[in-house]
Amino acid sequence: MQSNVRERLVVALDLPSASEAMTMARKLEGQVGMLKVGLELFCVAGPTMVKELGSIAPIFLDLKFHDIPTTVKRTLEAVLMLDPRLVNIHAQGGPLMMEAAAEVVRAHRAAGGRTELLAVTVLTSLDREALARLGSPEDPGELALHLAKLAKECGCDGVVCSAKEANAVRQACGEDFHRLTPGIRPRGEQSMDQARVVDPAQALRNGATWLVVGRPITLAADPVAAVAAILDEMEQAL
Ligand code: C5P
């Protein structure tokens, strides 16, 4: 049974060096569905690291591009050469930027690539108070849903959102429109800097396609045991 839920668990390799990332990835080989390379690791170890990790598991390249359409399009063209399983952009980069990104990713797939494009809605570290300070009076969940509908219109394949919003996104955008959810905390764990957290079983019940978990695994004394415990929690949802 664990193999089913395993495919849906993405580990965030937020580690400060290529060697630590490789060691962690090798430890978790076969235990998780995808490895997430974020800004920290990409800035330290770059495309070479992505290629190496890609031989262990499919890669979610979480670089969250947010720039004008042409810059995002050209940058995506560069990273698509690595053929990651997932890439992402910020929905708040606007509709033209999302359309440009979706066009590049579609062309990559038409040429035999496997990459799908996600749009980050509202970071899971932001709560209502943080949004108010940014000048946005909206509830994070409502804003995330609004941005998810826009991302779908613009041709994205799914969104990054809190698992709190996954069900509303699924209902509004359909089952095939992916919901990748960070801000996952196993029961009894600290939320750290995440604001909109959900436990693994609840995230699946809410309709998350993939669960992203970082520090509860990478900072654990025994990361393999931490993964096994998360998979057990996920199974409780099925
Ligand atoms: O350690 P933790 O489980 O909080 O890691 C969550 C990961 O998900 C981090 O790599 C973070 O950059 C990423 N992420 C997030 N919220 C988003 C998008 C990505 O926390 N909205």
Lysines with Cα under 28 Å of residue 164, excluding same-chain neighbours fewer than 8 positions away: 36, 64, 149, 152
Expected 222 nm ellipticity per residue - DSSP helices of 4 or more, -39500 (n - 2.57), all of the chain, to 500: -14000 deg cm²/dmol
Whole-Å distance, taken between Cα centres, linking the stretch 1-62 and the stretch 170-238: 16 Å
Fraction of antiparallel bridges per DSSP, the stretch 117-238 only, in percent to nearest 5: 0 percent
Accessible-area value, residue 55, 1.4 Å probe, nucleic acids and ligands omitted, Å²: 90 Å²
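About its Cα centre, what dipole magnitude does the chain give when the only charges are +1 on Lys and Arg Cβ and -1 on Asp and Glu Cβ, stated in debye to the nearest 20? If you can, show how the numbers build up before the last one.
On the way: 25 positive and 30 negative charges, 48 e Å.
Dipole size: approximately 240 debye.
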Check: the stretch 129-238 dipole with +1 on Lys, Arg Cβ and -1 on Asp, Glu Cβ, in debye: 100 debye
Value of relative contact order over the chain, rounded to a whole percent, pairs C-alpha under 8 Å and six or more apart: 19 percent
Highest-fluctuation residue, 178, 146, 90 considered, GNM on the chain with Cα pairs under 10 Å: 146
Residue with peak Gaussian network fluctuation, the chain [Cα springs, cutoff 10 Å], from 77, 138, 29: 138
For residue 179, residues with placed amide H under 5 Å, excluding near neighbours: 159, 209, 210
³J(HN,Hα), Karplus 6.51/-1.76/1.60, whole Hz, each residue of the stretch 119-133, x for Gly, Pro: 10, 6, 7, 10, 3, 6, 8, 9, 10, 4, 5, 5, 5, 4, 5
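The values are calculated or read from the model by the stated rules, or taken from the named source; none is laboratory data. Please read these numbers as outputs of a predicted model, since none were measured by experiment. Note that each Cβ is placed from the backbone with ideal geometry, even for glycine, and that neighbours are counted across all protein chains shown. Areas reflect the complete protein model, heavy atoms only, side chains present, ligands, DNA and RNA absent. Shrake-Rupley method; radii C 1.70, N 1.55, O 1.52, S 1.80 Å.
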